[in-house]
Structures are given as C-alpha cells and as structure tokens.
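This report concerns only the one structure given below.
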Amino acid sequence: MEQKVKIQIDNHMVEVPKGTTILKAAQEIGIHIPTLCYMNLEDMCITNLPASCRMCVVEVEGRRNLAPACATPCDNGMRVKTSSLRVLNARKYVLELILSDHPTDCLICAKSGNCDLQNLAKRLKIREVLFKGEQSNYILETSPSIIRDMDKCIYCRRCEMMCNDVQTVGALAAVNRGFSSIIAPAFNQALSESECTYCGQCVAVCPVGALTENDHTNRLLEDLADPTKTVIVQTAPAVRAALGEEFGLKPGTSVTGKMVAALRELGFDKVFDTDFAADLTIMEEGTELLGRLTKFMEGDKNVSMPILTSCCPAWVNFFEYYFPDMLDIPSTARSPQQMFGSIAKSWWAEKMGIKREDLVVVSIMPCLAKKYECSRDEFKVNGDPDVNYSLSTRELVSLIKRANIDFNRLPDEDFDNPMGESTGAGVIFGTSGGVMEAALRTAYELYTGNVLENVNFENVRGLQGIKKATVNLNSFELKIGIAHGLGNARKLLNEIREGKSEFHAIEIMACPGGCIGGGGQPLHHGNSELLKARSQSLYHEDASKPLRKSHQNPFIIKLYEEYLGRPMSDKAHHLLHTCYFCKNSEIQEQ
Amino acid sequence: MITTDIKLSKCQIDEIVKICASFNNQSGELINILHKTQGHFGYLPKEVQEVIARQLDIPVSKVYGVVTFYSFFTMKPKGKHPISVCMGTACYVRGAEDVVEELKKQLNIKVGEATPDGKFSLDTLRCVGACGLAPVMTIGEKVYGHVDASKVKEMLDTFE
C-alpha cells in the first residue's frame, strides 16, 4: 500500500502520498504558492525543476533556511508556513532582485498581460525595486519564426529543458558565467545558424517576453487594406480548438463557426480551411504509402520502409539536420499548409481569374515553424511564396481584439467553398495520432475495397509519447507507430537507422500533444488538462461531421477530376510534393 | 565570443577522437576531455568543440556552455609563454593590479589576449596558493613571487 504522510500547511492538515512536494500538497487544499521557474506537464512527463528562482520558498518549522516548495518533499509531522512575514519578505526580495535586471517596458512588451513575471509583480504588490545595478544589454535577434530578446530572460531554464530534454534538439544551452550567463545557441550563433527546428516549444514555455514569435499582424492589416489585393486565409485544425480560451471560454470549446465569422469581419476575401488541404494530404500521402507498401510486399528491395509523415515543418527541419542519411524515408507530400497555398495559387486562382501577384495567401497556424516553412525556396514560384506568410493562433487573438470584435457574440458561420469543405479526417490532423488515423480510414478502403464501418482508431489517440497499433488490411498486419515530441521521434528514428524498426508507417509531430500543443497556441502555463481538452474538441468535431473519410470530400474529388487527374499524377507531384535537403553543414563537408 | 575560423587536419581530428575514446566517449567526462584537449592544442576553438560534441553525442551548445563557464578553458590561442597574474585578495592588496597594468602596457594587449607574434599571452587567476609571496604571477609553469611592477620589463626581456 502507498505510504502516506501527514503535514500541516498554514492552519490546515493534509495527508498525501510519501514523496509529494510541499507545493503539490498545498495545491490540494487550495493554497497556491507562487512559482516562476517551475513547470510541470504531468501527463507528458515534462518537468522543469531547477528550483532556482526561489519564488516558492516556504518556512518549515525546525529548519534554519527557507525551503523551495517545488522541490521539497513532505515529511511526516512537517509544519509549513506559506505566507509568514519572513516568507513574504523573502519572496519580495527575490522578485525585486530578478526585476533589478529586467526591463520595465511592460506596456509595450509582446508578452504584456500574459507574462508570469508581470503577474507575480502584481500579485506580490511590488511598487519599487530597491536594488539598482548593471543591466543586461543583448542584441535582439530575429529569425523567420522566433524572436529572442535576452534582456528579458530570467534564467528559469524552461526553454533549455524543452529544447534539450523534450525535443533533443540541443540548440539552446546556458553559456558563460555569473552576470554574463545567457541561454543561447553554441558560439552565440543566430538561431538560424544553429540546429534550431523552429518548433517553438521554447516560446510556448517562456514565462516572460524573452522568446516570442515573429509577428506578422501589421503586415496582414496592410494587405487587408489594399484594394488591389485578394487576401484569402486558411486555418489549421488545432487553432479552432484553442482560440476560445483567449476569450474566456472553457478549454476545449470548439469555436470553428465563430472563428470563421471573425476572419470575415477582419476583411478576408475568402475564409478557407487547412482541413481541406489535410484531406488532400491524405489522398497523396495515403496513395504513396499504399504504393510503397505494395512494392514492399512484392519483395522490392529498393523500397524503403517505414514511410514517415511529413506534415510537420519542425519535424522536417529535425530530420534534415539529424538524419540526413534517411531523407528518402519521409513521405514526399508537402504539409497541408503548403498544399493549400499551391492549389490556391494555381487551381483556385485560375478558376477565379486572379493573377498570382494579386493574391495573398495567409495561414493561421498553431505553429511557429510554419512561418519558416512559408519562406522555403521549394515553396516559391518565381520568388513568390505559395503561402505569403503565417500567423500564430496568438496573433489571430490579438487581431480580433484590435478589430473591436466581440468574439463570443459572433454567429457561427461556414467556411467558403471549395477549399473550406473538409471531412472529419482533416479535422483530427491537429492532434497526435490524427494524421495516421485519417490515413488509415482512407488507406483501408482503397486497399481492401471494403467499407470501413468503425472509423475510430482509439489506440492511436491520447497523450502517450509513443503509440503503437496494428491494423488488419486483408490479412496483412500493418504496423504503425506514432510519436509526438521530437525526443520521442528520435527514438523511433534511431530504431530505423539500426534496422530494428517494426513499423510500416510512422506519424510524427514535433510538439508534445501534436499541433494542439504547438508553439503558436495560447500559452498552456503548464496545464496539461488544457491540451487534453483541445484534443477532445477535435475528436468531437470529427464525430459530428457527416463525412469522415478524406476521399469522400466532394471538392477533393472535384479537384482531381478538374485539375490533378489522380493522386501522385505528374501534376500532383509538381504541385503537392517536395524534396528534402541535408541541413547539417558538418556532414555536408564530409 | 570571437573565434578564428580554422580547419582541423585529419591528424588533429584523430587526436581529439583518441582523447574522447580514452574516456570511453562518456559525456560525463566532458570536463576531463576538454582539459586534456586544451593541454594538447593550447586552446579550444569552435572546430575542436564540434568534434568533441560529435564524439560524445551531445549538443555542441552544451560543450560551449561548459567551455565558457570555467575560466580555465579558453577559446583563444595562448602565447608561447602564457602569463597569469594572481588577483586573489593577498596579491591584490600587494599591488597585483599595478603588475597587470604594466604587463598590458609592455605587451600592448588586453587581459585574455595574446601578442600578435604569439610569444606571450596575459590572463589573471585567483590564488596559486603562494600568498606569502604576494604579488605572484606565473609564466608558463614557473611561479614568480614578490613581483615588482617596475621590474616587469626586465623579466619579459629574459624570454625568447
């Protein structure tokens, strides 16, 4: 039986399992000790526990020093004070010391209103900073996706933990010593010169304004105001699952209809859906999978297995850097964002008689790597990008608020056609396991010729880091693997490299939880319940759709009839597929 | 951090690989490996750190983090005769700062730099455990006690 310990916190007794920290025990009885560096996404085993900020210190009777509640386990009979004068003063001093080397430009900071440090200063009622001293003075660094303003860094090390322990990218580390310490890439290189994949998980966990996204809202407002331009928008599935949170709605509230209405209010000429392109991705990627699988079963030695999904641009950056010896394994299918851009600026533009140079394609993404993806040369025609630029969910929130739109009072509206029509399969692309589930729904029917009665593949769902499943295709046992978080992806990739992989197909999403936990989403502030709720909301939307298999999307059928011919045709290849490059300069030289 | 762009020769790379292998390519031995490598090359340029990172299968940012944390490690080449002046409390109160100023003047370099001809480099350190001889400096492996700033030029002239 689990051993229990009894402790007294302030005036309350609480019994908790042995090993529980004071912080958690206090939470259980409604005492919320302030924290700053601490972060815990329990369901995904993601913890940041350097116990370095000392914001959560408490008084433990019988101990000389104050103890950090986040890292001190409860002992039987312990008596803890969380808000004695000594504790309150210590916290105040700690915070003032942090603030003594932090810019006080909160009013114009990108993180204002959403900053853990600002919230603490407010909560602890800091009115002056007693300590004066040297101020950090670093150069603001801009990359296609992420902006680093290291003057604002408070050394919580959350970004470093995400980049190294969770993503195993290793772009960021603590360098230098003492006052000159900084979290930075090796040799103080720019992010763009480092192994950074732009997954944005560092941005997603940064408690302050040190790491933020490269903002395109002003550029969009200018384009929307330009009468010579046709500005159309696509929205990724995960956006609708999280947007409502920023308008006070319960996490997991699906706001698809209101989001469409808001985008129309903002002035977009057409409001389309990336889910349409997700259905298109399934047609291409699914066909490619079946093609490779058939050759594999026929004993073709030249065919490489397993096939890996390629929807996630941070994941693409990751394998281009770390696994350049395996560039033939991922599917050549472009991401839904890029498929959308490509089709919008060809099929749709031709249909509508809009010249390419007058058409602006904007995407709303839960992702920061998508910003970089738009700028890749492979996705440009004569220098003009298929998707002009990408905005994060957070940027959309800011636009809606700036445009005086009362989001919660908006009516539910529908996407425009043809590129707004999607099936349930496209919707679940936004959560880990969703791309594979969508692919299975189509691959099963195309391969077996039978109707798939139960479209729900429950064992590919959930927040488990690596998921496995077997699907019976006419007595062939198709083995699939799913990983989210690049550290988990690396495990599966190493197995493939060593020839030990059991899988035929693998889905990978760079962010923990998939796109619902993307680097461009409203901040989760360490609450993994939020991610579960977002995921559930996508599965609900899927279940409520009349069509749930990508190949049944009537406008996808029409697109092939009118324009592309069939999946993997020459035209489809030209418009919807891509190739990969080795990004590791050390390996290039060898 | 400034670093000269150099290209390592095959045998230099082999030497680093050998050093890493002598520690079983264990990432936990990073500090020992850096120590030994710096002993061999005199300093730890970017290219050397990259080879070490690859051998130990750790991000190069981690290696760089350790190199920049410990003042013993350097990314700049040292002179033939590396000079270190002790700035510990005892030496400091006995005039170590004057010695450093004089060395800077005579060599025309800053602390942490080497002379363009590669003959001398200048660093400061904290305590060599000879406080009774303060102020103390070391040139190469040799320790000099009771250093007088006005005699610095004379001392330097004895080195080839």
Cross-chain or 6+ apart pairs with Cβ under 9 Å, region A:365-392 first and farther than 22 Å from A:ALA110 by Cβ and of a type in the set (Gly, Ala, Ser), then at pLDDT 95 or above and part of a strand (DSSP E or B) = none
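Would you mind finding the one in A:GLU413, A:GLU437, A:GLU421 that is in the same structural domain as A:VAL231 (by TED's automatic domain parsing), closer than 23 Å to A:ARG566 by Cβ and touching a helix residue (DSSP H, G or I) at 6+ places or on another chain (Cβ under 6 Å)? Step through it out loud before you land on a result.
Numbers: A:GLU413 fails: closer than 23 Å to A:ARG566 by Cβ; A:GLU437 fails: closer than 23 Å to A:ARG566 by Cβ.
Selected residue: A:GLU421, the only one of A:GLU413, A:GLU437, A:GLU421 that is in the same structural domain as A:VAL231 (by TED's automatic domain parsing), closer than 23 Å to A:ARG566 by Cβ and touching a helix residue (DSSP H, G or I) at 6+ places or on another chain (Cβ under 6 Å).
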Kindly indicate whether B:ALA130 is away from chain A (no Cβ under 14 Å), small (Gly, Ala, Ser), surrounded by fewer than 20 Cβ atoms within 10 Å (Cβ to Cβ) and over 16 Å from the mean Cα position of the chain (by Cα).
-> yes
Residues B:VAL63, B:VAL111: which one is modelled with pLDDT of 95 or more and not small (Gly, Ala, Ser)?
-> B:VAL63
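Does A:PRO185 qualify as being of a type outside the set (A, V, I, L, M, F, W, C), without any contact (Cβ under 8 Å) to a residue 40 or more places away in the chain and either touching a Cys at 6+ places or on another chain (Cβ under 8 Å) or away from chain B (no Cβ under 14 Å) (or both)?
Values: of a type outside the set (A, V, I, L, M, F, W, C): yes; without any contact (Cβ under 8 Å) to a residue 40 or more places away in the chain: yes; either touching a Cys at 6+ places or on another chain (Cβ under 8 Å) or away from chain B (no Cβ under 14 Å) (or both): yes.
For A:PRO185, the condition - of a type outside the set (A, V, I, L, M, F, W, C), without any contact (Cβ under 8 Å) to a residue 40 or more places away in the chain and either touching a Cys at 6+ places or on another chain (Cβ under 8 Å) or away from chain B (no Cβ under 14 Å) (or both) - is met.
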Hey, B:SER61 farther than 18 Å from A:SER585 by Cβ, in contact with a strand residue (DSSP E or B) (Cβ under 9 Å, 6 or more places away or on another chain), within 11 Å of chain A (Cβ to nearest Cβ) and of a type in the set (S, T, N, Q) or not = no
Counting only residues that are under 20 Å from A:ALA51 (Cβ atoms), surrounded by fewer than 24 Cβ atoms within 10 Å (Cβ to Cβ) and either of a type outside the set (D, E, K, R) or without any contact (Cβ under 8 Å) to a residue 24 or more places away in the chain (or both), region A:161-182 contains a total of 6
Could you tell me which residue of region B:33-54 is farthest from B:GLY118 (Cα to Cα), considering only residues that are away from every other protein chain (no Cβ under 14 Å) and among the polar types (S, T, N, Q)?
-> B:THR37
What number of residues in region A:188-210 are buried (at least 18 other Cβ atoms within 10 Å of the Cβ) and away from chain B (no Cβ under 14 Å)?
-> 12
The residue that is surrounded by the fewest Cβ atoms within 10 Å (Cβ to Cβ), considering only those in region A:211-239 that are out of contact with any strand residue (DSSP E or B) (no Cβ under 7 Å at 6 or more places or on another chain) and small (Gly, Ala, Ser), is A:ALA225
Go through B:GLU97, B:GLU102 for me and flag whichever is within 24 Å of B:VAL147 (Cβ to Cβ) and in contact with a helix residue (DSSP H, G or I) (Cβ under 8 Å, 6 or more places away or on another chain).
-> B:GLU102
Failed item in (1) in contact with a His (Cβ under 8 Å, 6 or more places away or on another chain); (2) surrounded by fewer than 20 Cβ atoms within 10 Å (Cβ to Cβ), with B:GLN106 passing the rest = (1)
Long-range neighbours under 6 Å by Cβ, at least six apart or interchain, first residue within 12 Å of B:VAL51 (Cα to Cα) and modelled with pLDDT under 90 within region B:1-23, second surrounded by 15 or more Cβ atoms within 10 Å (Cβ to Cβ) and of a type outside the set (Phe, Trp, Tyr) = B:LEU8/B:GLU47
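Could you grab me the full set of residues in region A:24-38 that are buried (at least 23 other Cβ atoms within 10 Å of the Cβ) and closer than 12 Å to A:SER52 by Cα?
First, pick out the residues of region A:24-38 that are buried (at least 23 other Cβ atoms within 10 Å of the Cβ): A:25-26, A:33, A:36-38.
If the condition is that a residue be buried (at least 23 other Cβ atoms within 10 Å of the Cβ) and closer than 12 Å to A:SER52 by Cα, then A:LEU36, A:CYS37, A:TYR38 are the ones that fit.
Taking region A:82-98, which residues are outside any helix (DSSP H, G or I) and surrounded by 18 or more Cβ atoms within 10 Å (Cβ to Cβ)? First the steps, then the outcome.
Within region A:82-98, the subset outside any helix (DSSP H, G or I) is A:82-84.
Scanning region A:82-98 gives a single hit, A:THR82.
Quick check, is A:ARG157 of a type in the set (Lys, Arg), within 14 Å of chain B (Cβ to nearest Cβ) and touching a Phe, Trp or Tyr at 6+ places or on another chain (Cβ under 6 Å)? Even if it seems obvious, please write down each step before you answer.
Numbers: of a type in the set (Lys, Arg): yes; within 14 Å of chain B (Cβ to nearest Cβ): yes; touching a Phe, Trp or Tyr at 6+ places or on another chain (Cβ under 6 Å): no.
Judged against the criteria, A:ARG157 is not a match.
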Would you check if B:ILE6 is under 20 Å from B:GLY79 (Cβ atoms) and within 14 Å of chain A (Cβ to nearest Cβ)?
-> yes
Enumerate the strands (runs of 3 or more DSSP E) found wholly within region A:6-56, keeping only those where 3 or more residues are of a type outside the set (S, T, N, Q) and more than 17 Å from A:ARG157 (Cα to Cα).
-> A:12-17
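Of A:ASN454, A:ASN417, A:ASN459, which residue is free of Cβ contacts under 8 Å to residues at least 60 places away in the same chain and assigned to a loop (DSSP other than H, G, I, E, B)? Walk me through it before giving the result.
Numbers: A:ASN417 fails: free of Cβ contacts under 8 Å to residues at least 60 places away in the same chain; A:ASN459 fails: assigned to a loop (DSSP other than H, G, I, E, B).
So the residue among A:ASN454, A:ASN417, A:ASN459 that is free of Cβ contacts under 8 Å to residues at least 60 places away in the same chain and assigned to a loop (DSSP other than H, G, I, E, B) is A:ASN454.
Does A:ALA69 satisfy being in contact with a Ser or Thr (Cβ under 8 Å, 6 or more places away or on another chain) and farther than 25 Å from A:LEU130 by Cβ? Give the derivation first.
Details: in contact with a Ser or Thr (Cβ under 8 Å, 6 or more places away or on another chain): yes; farther than 25 Å from A:LEU130 by Cβ: no.
Considered against the rule, which asks whether it is in contact with a Ser or Thr (Cβ under 8 Å, 6 or more places away or on another chain) and farther than 25 Å from A:LEU130 by Cβ, A:ALA69 comes out as no.
The values are calculated or read from the model by the stated rules, or taken from the named source; none is laboratory data. Bear in mind the structure is a predicted one, so any value in this text is a computation, not a measurement. Counting neighbours? That spans all protein chains shown, and the Cβs are built from the backbone with ideal geometry, glycine included.
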